[in-house]
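Okay, so here's the structure we're looking at.
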Amino acid sequence: MESNAISTVVLAIVMLCWLVFAGAFIFRKRPPATTEKKRDNTAMLGIALEALGFVLVWNFRRPMKTPIVESDIIVEIALALLASGLAIASVWMILAAVRALGKQWAIAARVVEGHNLITEGPYSIVRNPMYTGMFGMMIATGLAVSYWWTLPPAIVAFLFGTMLRVRTEEKLLRETFGNEFEEYIRRVPALLPRLHF
């Protein structure tokens, strides 16, 4: 398989995953009108930094049908498999998280009346599977369409924004669920499976 064909297939897989990603949010269960108990808008800065990561990988695109690095075919195939596998796994994690959260999902860091602590499904693997999935999609997109040098600053921006969001959201959850949440933190990593990060 030549370089052009590999790049085209990877791009098609990543774009298909983006369509599924978008569909997960467009067709999710909408939350009913509820009384908001607590909200913290600090997480919006985190969203902006995560968005910066996506802006970098989408706006510094290399020419179509070219590999991320000029190398032999084995390295190119390995990177293609990595990008494709990461996109598919990330979309699975996002879909599973949307399903597990149900009507509790929201962009803002908030706790609503009757809020439950979700610890099952993808939430038993990482505490923030949506962010893990978004991080994977950003890297897969970078591998599929960007220059290699866009990935390091995109990763730094995304991780910094995500950790800001995680700290803000977990402060609200700690205040709401106390020891139950502390026990959950001890068992499950924040963002990356098998690492306490």
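The values are calculated or read from the model by the stated rules, or taken from the named source; none is laboratory data. Computed from a predicted structure; not experimentally measured. Here Cβ is always computed from backbone atoms with ideal geometry, including for glycine, and neighbour counts include all displayed protein chains. Ligands, DNA and RNA are excluded from the accessible area calculation, which covers all protein heavy atoms including side chains. Shrake-Rupley method; radii C 1.70, N 1.55, O 1.52, S 1.80 Å.
Grab the other residues whose beta carbon is less than 12 angstrom from that of Leu11, score K and R as +1, D and E as -1, and report the net. Result for the neighbourhood of Leu11: +3.
Does segment 151-197 classify as rounded, prolate or oblate by the C-alpha gyration tensor (a ≥ b ≥ c root eigenvalues; a/c under 1.5 gives rounded; else a/b over b/c gives prolate, otherwise oblate)?
The shape class here is oblate.
The fraction of accessible area contributed by carbon and sulfur in segment 124-197 is 64 percent, rounded to a whole number (1.4 Å probe; ligands and nucleic acids excluded). With the simple spin-label model, which puts each label point 7 Å out from Cα in the Cβ direction, the Phe25 to Arg174 separation comes to 2.8 nm.
Positive contributions from Lys and Arg (+1) and negative ones from Asp and Glu (-1), summed over other residues with Cβ under 14 Å from the Cβ of Leu191, come out at +1. When Phe21, Phe160, Phe181, Phe60 are compared by accessible surface with a 1.4 Å probe, the order from highest to lowest is Phe160, Phe60, Phe21, Phe181. The amide H of Tyr147, built 1.01 Å from its N in the peptide plane, has Arg62 as neighbours under 5 Å, considering only residues 5 or more places off or on other chains.
Full extension of the segment from Arg167 to Ser124, taken as 0.36 nm per residue of separation minus the current Cα-Cα distance, would add 13.6 nm.
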